[in-house]
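Read the structure below first, then the notes.
The values are calculated or read from the model by the stated rules, or taken from the named source; none is laboratory data. This one's a predicted model, so the numbers in the text were calculated from it and none came from an experiment. All Cβ positions, even for glycine, are placed from backbone atoms using ideal geometry, and neighbour counts span all protein chains on display.
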Amino acid sequence: MSKSNSTPLPDVIQGGMGIAVSTWQLAKEVSRNGGLGVVSATALDSVIARRLQDGDLSGDIRRAFKDFPNQNIANEVLNFYFVEGGRAPGKPYLDVPKLSLKPSKLTTNLLIISAFTEVWLAKERNDGLIGINALEKIQLATPATIFGAMLAGVDYVLMGAGIPTQIPEMIRYFVDQKPFRLNIDVTDSKSQHFLAFDPASIVADSIVLARPKFLAIISSHALAAYLAKDEKTRPDGFIVEGSTAGGHNAPPRSKDAIGADGQSKFSILDEADLVKVAKTGLPFWLAGGYGTPANLKLAKELGAVGIQVGSLFALADESGFTNEIKSELLQRLNQGTLSIRTDPFASPTGFPFKIVEITGTLSQPENFDERSRNCDLGYLRTPFERPQGGIGYRCPGEPIKTFEFKGGNSENNISSKCLCNALMADIGLGQIRVDGSTELPLVTLGSDLAGANQLSVKYPKGWKAIQVLEYLRGA
């Protein structure tokens, strides 16, 4: 049962980062200690499928599956992906079906139970608040993912990377277990396209679902005013994200959007007017460069409830980054050599993306150049309408000739990196290729390292989520 409507608003929200960097283990620790713990929704179906193929050695996934309200779905997914004892060394993962406007039943069921599992594990024996963070850009996963999270009693839904106008209404439909049609953005379309989802096809009417609060992640006061003016689009609050935040950033609004160093160039035009955000009458949190005790205090003085913090939690012991990645990040942090670029072309989304420059990752040009381009996960594919009719899917991360054949513009797409495969590698679930190589990671963090630098002095070998919260609250 969701507790979001009867519990005080949290002062610290843990960012929903990457693909399973914001794990259920991290979210649970933050939640238990008074913050809003958040799991990442991105590619959760692939995460759960690959963990099952690795044998689910802890038994956590199968424990959550036993509590899923439709055991036919649970058994179907287990029969398809679970490998007792784990797959053989060097054997590639079996990929999940790609998202589409006409998904298979397995695709939908896997999305639902994967979101359910991650939220259920975060809430197991835990009375704190749990949220799930999804990307508006990945619309084709949205209905099934949010419904699955609601089945597990998620308290908050967070969404950025776009304009999430349809989510408040969709959540209300799901509470009433009514079918919903999500309007899908289709490039070059001459008509509207919808993704239909019917809760009744998954669970019985007797299940009671609580309404989670919805927080829209925004970067401008204009968007806050636009979303707040209509009941259909009005969220329960905003996370106002600045340009130093990790992962994807909103594109710069100035005409000279790329600096002499080749990075995205932000200006005062990219700063939200917090007075105008406050005029919406909705609570808000500040993100991007607010991860210090002084800035938590400042945020409250500016009218915010509190802050959202990503990088400090991404470096915590409970995050999903591999130990090797965390070790190098901490070492460079201690040495003062941690370098982060805001690359305008790296992401297939077209949004600027923060990249940490460390060895053994796609941040190194030679590693990027050696990788064979492919798009076998496809979460960032864009649906488009073919000239002759029908829907196709394309991604700047796929082979350039394939992308151009599908009508894509390759002017800057030669620089696009396959974030899907790279972010899976960040958490130790990189795909194994036919030549025996494993996909390389690509790491993102926020570019404001003030809080991380302060923590690294106190905890040079690393820290736990509770120590981040203690630090932020001045304990």
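One residue alone among D54, D45 is surrounded by 24 or more Cβ atoms within 10 Å (Cβ to Cβ) and among the acidic types (D, E), and that residue is D45. For the residues A216, A224, A272, the requirement of being part of a helix (DSSP H, G or I) and either touching a strand residue (DSSP E or B) at 6+ places or on another chain (Cβ under 8 Å) or within 28 Å of S363 (Cα to Cα) (or both) singles out A224. Restricting segment 1-14 to residues that are part of a loop (DSSP other than H, G, I, E, B) and either touching a helix residue (DSSP H, G or I) at 6+ places or on another chain (Cβ under 6 Å) or at pLDDT 95 or above (or both), which is nearest to R50 (Cα to Cα)? Checking each candidate, the answer is P10.
So, in segment 450-465, exactly how many residues are crowded, with 17+ Cβ neighbours inside 10 Å and either outside any loop (DSSP other than H, G, I, E, B) or of a type in the set (K, R) (or both)? Residues that pass the stated criteria total 5. For segment 100-159, the set of residues classified as within 16 Å of Y379 (Cα to Cα), basic (K, R) and in contact (Cβ under 8 Å) with a residue 24 or more places away in the chain consists of K137 only. Tell me yes or no: at least one residue of segment 18-37 is among the aliphatic types (A, V, I, L, M), outside any strand (DSSP E or B) and at positive phi. Yes - at least one qualifying residue is present in segment 18-37.
For the structure I just gave you, tell me whether L9 is aliphatic (A, V, I, L, M) and within 23 Å of P283 (Cα to Cα).
So L9 passes the test.
Residues in segment 180-200 that are assigned to a loop (DSSP other than H, G, I, E, B) and closer than 22 Å to G153 by Cβ: D198 only. Could you go through segment 62-77 and let me know if any residue there is in a helix (DSSP H, G or I) and either small (G, A, S) or under 18 Å from T42 (Cα atoms) (or both). There is at least one residue in segment 62-77 that is in a helix (DSSP H, G or I) and either small (G, A, S) or under 18 Å from T42 (Cα atoms) (or both). Among the conditions (1) surrounded by 14 or more Cβ atoms within 10 Å (Cβ to Cβ); (2) in a loop (DSSP other than H, G, I, E, B); (3) without any contact (Cβ under 8 Å) to a residue 60 or more places away in the chain; (4) charged (D, E, K, R), the only one that D256 does not satisfy is (1).
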